[in-house]
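Student: Take a look at the following structure, please.
The values are calculated or read from the model by the stated rules, or taken from the named source; none is laboratory data. Just so it is clear, the model here is predicted, and its values are computed rather than measured. Here the Cβ positions follow ideal geometry from the backbone for every residue, glycine too, while neighbour counts run over all protein chains shown. Areas reflect the complete protein model, heavy atoms only, side chains present, ligands, DNA and RNA absent. Shrake-Rupley method; radii C 1.70, N 1.55, O 1.52, S 1.80 Å.
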Amino acid sequence: MMGRGIVVVGSQFGDEGKGKIVDTLSDNADIVARYQGGGNAGHTIVANGKTFKLHLLPSGVVRGKRSLICAGVVVDPRILCAEIDELSALGIVVGPSVLGIDVRTHVIFPWHQALEAASGSGKKIGTTGKGIGPAYEDAAARTGLRFGELIDSQGLVARLREIAPSKQRLIQGVYASGVDDGGAPEMDVEKIISAYSPLGTLLAPFACDTSHEINSALRGGKRVLFEGAQGTFLDKEFGTYPFVTSSHPIAGGACTGAGVGPTAISEVHGVVKAYTTRVGAGPFPTELADGVGELITQKGREFGTTTGRRRRVGWLDACLLRRSCELNGFTCIHITKLDILGGIGKLKVATSYALPDGAVTDIAPADTELLEKAIPNYEELDGIPDFSGEEWRAAVDGGKGNGFNALPTNALAYVRRIEGILGVPAASVSVGPGREEIIRAKD
Ligand code: GDP
Ligand code: IMO
Ligand code: MG
């Protein structure tokens, strides 16, 4: 019997609550596989009174599920080892029986961060400074160094001595072109060797062929969750280019990133934050620059998990979500942070855009500049009560067995409206950060 492959994708600009949803779904899964991105991600799980912030480790580690970092990810071994140590301090041991890292995964080195800094993309795009773009550039240019080479200690030294001088020249060239007015940092290859060789030795026991492991598990009837990082509109091709990341967060990215065929995917779950947020530059038609925006920012604690930056906030945008449905083929959605909309009065949802030529569209245009100029038309919905965390928890507990009927009337109406607009059923509604603060469609 064939198992089930379930992809969990951010439907907006990232930070939708993917970590929480993957944690919830992983209770019932055998493997959790991260398929793209790297240390730019920050996935939060709140469970058993503890908060876990994961950057590279798949969210399955919190439940001790087999967790795989697949070939489509770019791994900074410094971040990964620090993360394993942090989890260990929180009582979670991540050994080789839990974590597997594909030998084909590309590795991030200090020159990737130096090149990102030199390129000025931090200022232009608001990148996270983790070296993500330059690492994927190396992968595409066929000049990258992969995990299999990192753990081969003798080969690593030779490869680093071969690569470092050309990277040094490249960095000097980029700095000399005047994009950044600071001096070019020195890439001391001996220092890099002495930092990375021990990391390779430490991580060697985790090396494996994650594609084969996942395919074998599926053939054996197992359930595999594919955990996306970032979000649909940060996709390199289909996001708001150039204000995007350098990988493919959309559902198709699970196939190329994890090494499975499209027939391995049975379900695609979209994570939809009840409003919209975005970190960094780029179009955001429903952005709120007023007091309501400030209220949502503070109540929703909309500050980045990885960089601590303030997230931009705005109303829910159904035009973006319709596009997201097309790009991902959602079989269901999970609505998160509905509690944050409680007590802010009437709610708005953008259902169409007016474009500069007078046309009206109900789907986000493909052209980034046009999206920048789109003026949202809003539908107004009744406000949701200003419940405390305790009141939401009481509603969740008291309503057990009633599915979404546990929600206050207007909250339920908001959920039904989103389902109606998108034509996709909601599988859960989340009303707090904790693992238990979630209502499933069917209990
Ligand atoms: P991810 O990158 O998609 O995993 O999302 P982040 O972890 O970066 O950001 C989501 C934030 O919202 C985290 O701090 C979560 O703990 C929190 N969160 C998730 N779901 C809910 C919810 O339903 N209500 C509230 N209040 N917080 C939530
Ligand atoms: P999770 O997985 C939100 C954004 C950055 C920047 C752009 C490119 O937690 O949802 P990069 O460093 O990737 O080259 O930056 O993408 N970005 C994210 N925004 N959530 C994330 O991850 C993000 N990862 C990258 O802010 O605008
Ligand atoms: Mg995040």
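Student: What do you reckon, is Asp27 in contact with a Lys or Arg (Cβ under 7 Å, 6 or more places away or on another chain), more than 14 Å from ligand 2 (Cβ to nearest atom) and of a type in the set (D, E, K, R)? So that I can check it myself, show each step before the final result.
Tutor: Details: in contact with a Lys or Arg (Cβ under 7 Å, 6 or more places away or on another chain): yes; more than 14 Å from ligand 2 (Cβ to nearest atom): yes; of a type in the set (D, E, K, R): yes.
Against the criterion (in contact with a Lys or Arg (Cβ under 7 Å, 6 or more places away or on another chain), more than 14 Å from ligand 2 (Cβ to nearest atom) and of a type in the set (D, E, K, R)), Asp27 qualifies.
Student: Still on this structure, please answer the following. Check Ile163, Ile193 and return the single one that is open to solvent by less than 50 Å² (accessible area, probe 1.4 Å), modelled with pLDDT under 95 and out of contact with any Pro (no Cβ under 9 Å at 6 or more places or on another chain).
Tutor: Ile163
Student: Just for helices (runs of 4 or more DSSP H) wholly inside the stretch 139-215: which have at least 3 residues that are farther than 26 Å from Ser247 by Cβ?
Tutor: 153-176, 189-203
Student: Could you tell me whether Leu234 is touching a residue at least 12 places away in the same chain (Cβ under 8 Å), within 16 Å of ligand 1 (Cβ to nearest atom), open to solvent by 10 Å² or more (accessible area, probe 1.4 Å) and farther than 30 Å from Gly389 by Cα? If you could, list the steps in order and put the result at the bottom.
Tutor: Numbers: touching a residue at least 12 places away in the same chain (Cβ under 8 Å): yes; within 16 Å of ligand 1 (Cβ to nearest atom): yes; open to solvent by 10 Å² or more (accessible area, probe 1.4 Å): yes; farther than 30 Å from Gly389 by Cα: yes.
Spelling it out, Leu234 is indeed touching a residue at least 12 places away in the same chain (Cβ under 8 Å), within 16 Å of ligand 1 (Cβ to nearest atom), open to solvent by 10 Å² or more (accessible area, probe 1.4 Å) and farther than 30 Å from Gly389 by Cα.
Student: In the set Ala71, Ala89, Ala139, Ala117, which member is more than 17 Å from the chain's Cα centre (by Cα), away from ligand 2 (no atom under 14 Å from the Cβ), of a type outside the set (D, E, K, R) and on the phi < 0 side of the Ramachandran plot?
Tutor: Selected residue: Ala89, the only one of Ala71, Ala89, Ala139, Ala117 that is more than 17 Å from the chain's Cα centre (by Cα), away from ligand 2 (no atom under 14 Å from the Cβ), of a type outside the set (D, E, K, R) and on the phi < 0 side of the Ramachandran plot.
Student: Just name the residue that is farthest from Val22 (Cα to Cα) out of those in the stretch 270-315 that are open to solvent by 10 Å² or more (accessible area, probe 1.4 Å) and assigned to a strand (DSSP E or B).
Tutor: Looking at the filtered set, the residue picked out is Glu287.
Student: Say we look at the stretch 206-230 and pick out the residues that are more than 19 Å from Ser121 (Cα to Cα) and within 15 Å of ligand 1 (Cβ to nearest atom); which of these is surrounded by the fewest Cβ atoms within 10 Å (Cβ to Cβ)?
Tutor: By that ranking, first place goes to Leu225.
Student: Another one. Looking at (1) under 30 Å from Ser26 (Cβ atoms); (2) open to solvent by less than 30 Å² (accessible area, probe 1.4 Å); (3) touching a Phe, Trp or Tyr at 6+ places or on another chain (Cβ under 8 Å); (4) not aliphatic (A, V, I, L, M), which one does Pro365 not meet, given that it meets all the others?
Tutor: That leaves (1) as the condition not met.
Student: Still on this structure, please answer the following. Could we say that Ile340 is surrounded by 16 or more Cβ atoms within 10 Å (Cβ to Cβ), under 30 Å from Asn215 (Cα atoms) and of a type in the set (A, V, I, L, M, F, W, C) here?
Tutor: no
Student: Quick check on Ser59: is it under 30 Å from Ala318 (Cβ atoms), touching an Asp or Glu at 6+ places or on another chain (Cβ under 7 Å) and crowded, with 24+ Cβ neighbours inside 10 Å?
Tutor: Values: under 30 Å from Ala318 (Cβ atoms): yes; touching an Asp or Glu at 6+ places or on another chain (Cβ under 7 Å): yes; crowded, with 24+ Cβ neighbours inside 10 Å: yes.
Yes, satisfied.
Student: Looking for something within 16 Å of ligand 3 (Cβ to nearest atom), part of a strand (DSSP E or B), closer than 24 Å to Val7 by Cα and not β-branched (Val, Ile, Thr) - is there at least one such residue anywhere in the stretch 40-49?
Tutor: yes
Student: Right, another one. Given the options Val271, Val260, name the one that is farther than 24 Å from Gly122 by Cα and in contact with a His (Cβ under 7 Å, 6 or more places away or on another chain). Before the answer, list the steps.
Tutor: Working: Val260 fails: in contact with a His (Cβ under 7 Å, 6 or more places away or on another chain).
Every option except Val271 fails the conditions.
Student: Here are some conditions: (1) away from ligand 3 (no atom under 16 Å from the Cβ); (2) open to solvent by less than 80 Å² (accessible area, probe 1.4 Å); (3) not acidic (Asp, Glu). Pro356 meets all but one. Which one does it not meet?
Tutor: Failed condition: (2).
Student: Could you name every one of the strands (runs of 3 or more DSSP E) located completely within the stretch 352-443 that has at least 2 residues being more than 27 Å from the chain's Cα centre (by Cα), of a type in the set (Asp, Glu) and away from ligand 1 (no atom under 13 Å from the Cβ)?
Tutor: Answer list for the stretch 352-443: 375-381.
Student: Working carefully through the options Val103, Val46, Val98, find the one that is aliphatic (A, V, I, L, M), in contact with a Cys (Cβ under 9 Å, 6 or more places away or on another chain) and either open to solvent by 10 Å² or more (accessible area, probe 1.4 Å) or over 30 Å from Asp152 (Cβ atoms) (or both).
Tutor: Val103
Student: Right, next: Tell me which residues, restricted to the stretch 18-41, are surrounded by fewer than 24 Cβ atoms within 10 Å (Cβ to Cβ) and not hydrophobic (A, V, I, L, M, F, W, C).
Tutor: Selection gives Thr24, Asp27, Asn28, Asp30.
Student: Okay, moving on. What's the number of the condition Glu267 fails, among (1) open to solvent by less than 30 Å² (accessible area, probe 1.4 Å); (2) of a type outside the set (Lys, Arg); (3) touching a strand residue (DSSP E or B) at 6+ places or on another chain (Cβ under 6 Å)?
Tutor: (1)
Student: Among all residue pairs at least 6 apart or on different chains, which show Cβ distances below 8 Å where the first residue, located in the stretch 115-143, is within 16 Å of ligand 3 (Cβ to nearest atom) and of a type in the set (A, V, I, L, M) and the second is part of a loop (DSSP other than H, G, I, E, B) and at pLDDT 95 or above?
Tutor: So the pair list comes out as Ile132/Gly38; Ile132/Gly39; Ile132/Asn40; Ile132/Ile108; Ile132/Thr245; Ile132/Ser246; Ile132/Ser247.
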